[in-house]
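The values are calculated or read from the model by the stated rules, or taken from the named source; none is laboratory data. Predicted model, so just to flag it, every value in this text is computed and none were measured. So basically every Cβ, Gly included, is an ideal-geometry build from the backbone, and we count neighbours across all protein chains shown. These area figures cover heavy atoms from the full protein model, side chains too; ligands, DNA and RNA do not enter into them. Shrake-Rupley method; radii C 1.70, N 1.55, O 1.52, S 1.80 Å.
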Amino acid sequence: MIVNERNNRAERILHAAMQMLTAARTAPKGRGADTLEVALLTGDDLERLAAEMDRLVAEEGKAPFFSRDAGCLRKSEAVILIGSRYIPLGLNCTRCGFPSCGNKPKEVPCVFNNVDAGIAIGSVTAMAAQMHIDNRVMFSAGVAAESLSLMPEVRGICAIPLSCSSKSPFFDR
């Protein structure tokens, strides 16, 4: 049997992405509180996200690089989304800029929610690098994911598109 790698890229990316989802879930979290949500987009959902990025530029005046990044998504096989539900951890650490968790407005994130998301993003991108999967962290695609409510009640979403083509679509953009 001969397997040409060009014929099973989507399958390999999906297999790698599943491992990356596990890396995100098992990443360390403040006080052991899991406020993260992690999802994987492929196929039509990936195009839907890219189209929303273009719409945000055309209709809401977002920066033109949103469309450039949408083009990168269209060259990707999958996208991982990572964000957090904004739930204070009750540490009263003042890192959010307020004197206590009780004084913090609901729309302001607990700093640990975003730190935990950042650690998970680092775990995912490190695993991608180990598996030679091209990737790039994009807040622009995360903004579009929030606009589409792809992960309800989740904020601060970042997207990590994945590719295993002969040239990274995320370099020389």
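Any idea which of Glu5, Glu107, Glu37 is closer than 21 Å to Val143 by Cα, open to solvent by 50 Å² or more (accessible area, probe 1.4 Å), out of contact with any Ser or Thr (no Cβ under 6 Å at 6 or more places or on another chain) and at pLDDT below 95?
Details: Glu5 fails: closer than 21 Å to Val143 by Cα; Glu37 fails: at pLDDT below 95.
Result: Glu107 is the single residue among Glu5, Glu107, Glu37 that is closer than 21 Å to Val143 by Cα, open to solvent by 50 Å² or more (accessible area, probe 1.4 Å), out of contact with any Ser or Thr (no Cβ under 6 Å at 6 or more places or on another chain) and at pLDDT below 95.
State all residues of the range 14-55 that are farther than 18 Å from Val154 by Cβ, in contact with a Phe, Trp or Tyr (Cβ under 8 Å, 6 or more places away or on another chain) and of a type outside the set (Lys, Arg); if no residue qualifies, say none.
Hit for the range 14-55 is Asp54, nothing else.
Could you list, in sequence order, the residues of the range 80-103 that are in a loop (DSSP other than H, G, I, E, B) and either among the hydrophobic types (A, V, I, L, M, F, W, C) or open to solvent by 60 Å² or more (accessible area, probe 1.4 Å) (or both)? Can you show your working first?
First, the residues of the range 80-103 that are in a loop (DSSP other than H, G, I, E, B): 85-100.
Residues satisfying the conditions are Arg85, Ile87, Leu89, Leu91, Asn92, Cys93, Thr94, Arg95, Cys96, Gly97, Phe98, Pro99.
Find all pairs meeting these conditions: Cβ atoms under 7 angstrom apart; at least six residues apart or on different chains; first residue within the range 145-173 and touching a residue at least 12 places away in the same chain (Cβ under 8 Å) and of a type in the set (Asp, Glu); second residue assigned to a loop (DSSP other than H, G, I, E, B) and surrounded by 12 or more Cβ atoms within 10 Å (Cβ to Cβ).
Going by the 7 Å Cβ cut-off, the qualifying pairs are Glu153/Arg85.
Go through (1) open to solvent by less than 90 Å² (accessible area, probe 1.4 Å); (2) closer than 26 Å to Glu153 by Cα; (3) in contact (Cβ under 8 Å) with a residue 24 or more places away in the chain; (4) not aromatic (Phe, Trp, Tyr) one by one and return the number of the condition Ala10 breaks.
(2)
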